[in-house]
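Can you keep this structure in mind? I'll have questions shortly.
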Amino acid sequence: MGSGDEKHICRCEEVSEDEIRAAIRSGARTVQEVKRWTRAGMGICQGRTCRRLVERMLCEELGLKPGEVEVSSFRQPVRPVSLKSFED
Amino acid sequence: MNSSTDVLILGAGVNGLSIAYELCKRGKKVVVAEKAEIGAGASGSCDDMILLQSKKPGILLEMALGSLELFRSLREELPCDIELDTKGGMILIEDEEQLSLMEGFVAGQKSCGLEVEIVGRSRVKALQPLVSESVIASTYSARDSQVNPLLLMKAFYLGASERGLRLLRGAAPVSIEPRAGGWATRLASGEEIESGAVVNAAGAWASQVCSLLGFELPIIPRKGQVMVTEQIPPIGATNVWSAKYIASKLKPVAARREAAGAAQTPEERYGLGFAFTSTHSGNYLVGSTRENAGFDKGTDPEALALIGRQVRRFFPVLANVNFIRSFAGFRPSTTDGMPVIGEVAGRPGFFVAAGHEGDGIALAPITGKLVADLVEGRTPGYDLEKLSPGRFLGAKGA
């Protein structure tokens, strides 16, 4: 922790690899639980990059195979949408 | 695999975990069985408000005030931050009908000890400089607060785990049967748990759990769709709601108009009301709908467009802000708008703590204490008659 080579897994919310591994070690068991505890995947890109990395870390930490990890849900909008587009 | 424990709690939402935390603190052995994951139901898909102003005067408001006190001590004792904040809240009023409804509501709340007032246009402008000119007045209470429900669940979970909690995921109950001195509950995970007490904290699914014992409760899922904005600086001093939202909670317009034979507008069909809160991270949560849609957890473009147009009407400045996410949750709703908290008559050791609808976060700390008291056979500090499961089950009990 706090070392010079700290890696950001969720770039939008600046969540580090150490923070995500710590969440899993303290009991988070699914991508959604990791997200809710650390904010990884809650930023403007909605986990486009980090959700797969979080899945992989869950596999590594818990000894699971890909496919055994509960993934998080996809929701509208696909990209950020300006509220300007909602006209009366 | 069989195991035994003092208390089995069904549901790892905010209330199940609050009850677990409180019981663990009192030295009980506790297992929480959750059908999916932590916060998979309403508790992980809601906003962050501890809104005292929305509570009906009476037991609910008293409990909410008690809960707020508990939140202050929980913030100190829980093992992680819960982002508790007291920014105050305003309920925006747009016409004379809403004004008279809110005047009556505010008077009732004041008599219950809540500091709340109606403020005029100039005070509205001072607190919400960017609000629309269509707002003629507002309520204001400095005591309305907020908490991060996701961190609150994490904190209850970590605090209870330090004291021996076992949490089972993928563990919906399959059967619940009486045993000498308690209950035997078979779980979808294959495990059977014997316990002195069972607490049904399954939220919108609570009636399904009761049906394993041969009775039902009128707790149904009310879907609320919410929009999340990108992170922006705060645009006002308080969180805000609309009087229309309170009106739809108190006496749904749709129901009134339907009774009068009028066709429903899309706003009425979706039970649209305005709720607008800023999170610690700077995202605004913009809500929301209040729908009867069964257990369909989808969000849909029509509802999101209604929510988007509504927030722009109240805060035109948001035209240039992006929304980045939507979600929906099932508020566990009862026919009389009150939660169900109590032991089921004729089923000693089987307790229900569900049906909080939109008040689940606000009432979680007090629900934890009250249910722990009931499980221990102590007299709780509130008269829970109006919340008892028996009010829906008739004289004979379940």
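Assuming a ≥ b ≥ c are the square roots of the Cα gyration tensor eigenvalues, decide whether region A:1-65 counts as rounded (a/c under 1.5), prolate (otherwise, with a/b larger than b/c) or oblate.
Because a/c hits 1.5 or more and a/b fails to exceed b/c, region A:1-65 counts as oblate.
Quick one: grab the alpha carbon gyration tensor of region B:158-280, order the square roots of its eigenvalues as a ≥ b ≥ c, and give me rounded if a/c is under 1.5, else prolate or oblate depending on whether a/b is larger than b/c.
Oblate, since a/c reaches 1.5 and b/c is not below a/b.
Rounded if a/c is under 1.5, else prolate if a/b is larger than b/c, else oblate: which is chain B, with a ≥ b ≥ c the root eigenvalues of its Cα gyration tensor?
Judged from the Cα gyration tensor, chain B comes out prolate (a/c at least 1.5, a/b above b/c).
For the protein assembly as shown, with only Lys/Arg (+1) and Asp/Glu (-1) charged at the beta-carbon, what is the dipole magnitude about the Cα centre, in debye rounded to 20?
Around 360 debye, computed over the protein assembly as shown.
Hey, with R₀ at 25 Å, roughly what FRET efficiency would B:Ala237 and B:Glu77 work out to, going by the Cβ-Cβ distance, to 0.05?
The computed FRET efficiency comes out at 0.30.
Could you list B:Ile19, B:Ile59, A:Ile44, B:Ile176 so that the one with the fewest beta carbons within 10 Å of its beta carbon is first and the one with the most is last?
The most exposed by this proxy come first: A:Ile44, B:Ile59, B:Ile176, B:Ile19.
Helix-only mean residue ellipticity at 222 nm, chain B, DSSP H runs n ≥ 4 weighted -39,500 (n - 2.57), per residue, nearest 500. What is it?
-9500 deg cm²/dmol
Continuing with the same structure: Any idea what the dipole of chain B comes to, in debye rounded to 20, about its Cα centre with Lys/Arg Cβ at +1 and Asp/Glu Cβ at -1?
Taking the Cα centre of chain B as origin, the dipole is about 140 debye.
Amide H neighbours of B:Val321 under 5 Å, counting only residues 5+ apart in sequence or on other chains, H built in-plane at 1.01 Å?
Amide H neighbours of B:Val321: A:Leu83, A:Lys84.
For region B:1-72 and region B:93-131, what is the separation of their C-alpha centers, rounded to whole Å?
31
Per the Kirkwood treatment, what hydrodynamic radius in Å, one decimal, follows for the protein assembly as shown from the mean inverse distance over all distinct Cα pairs?
Here the Kirkwood hydrodynamic radius works out to 23.1 Å.
Still on this model: Using Cα pairs closer than 8 Å and at least 6 residues apart in sequence, work out the relative contact order for region A:1-65, in percent.
32
Average partner chain C-beta neighbours within 10 Å, per residue of A:23-34?
The mean count of partner-chain Cβ atoms within 10 Å per residue comes to 4.
Round to the nearest 0.05 the FRET efficiency obtained for B:Asn320 and A:Arg52 when R0 = 25 Å and r is the Cβ-Cβ distance.
The computed FRET efficiency comes out at 0.20.
Could I ask something else about it? Under unit Cβ charges (Lys, Arg +1; Asp, Glu -1), what dipole magnitude, rounded to 20 debye, does chain A have relative to its Cα centre?
With only Lys, Arg, Asp and Glu charged at Cβ, the dipole is about 240 debye.
Here, each number is a calculation from the coordinates, and none is a lab measurement. In this text the structure is predicted, and so the values were computed from the model without any measurement. Every residue, glycine as well, gets a Cβ built from its backbone with ideal geometry; the counts of neighbours run over all protein chains shown.
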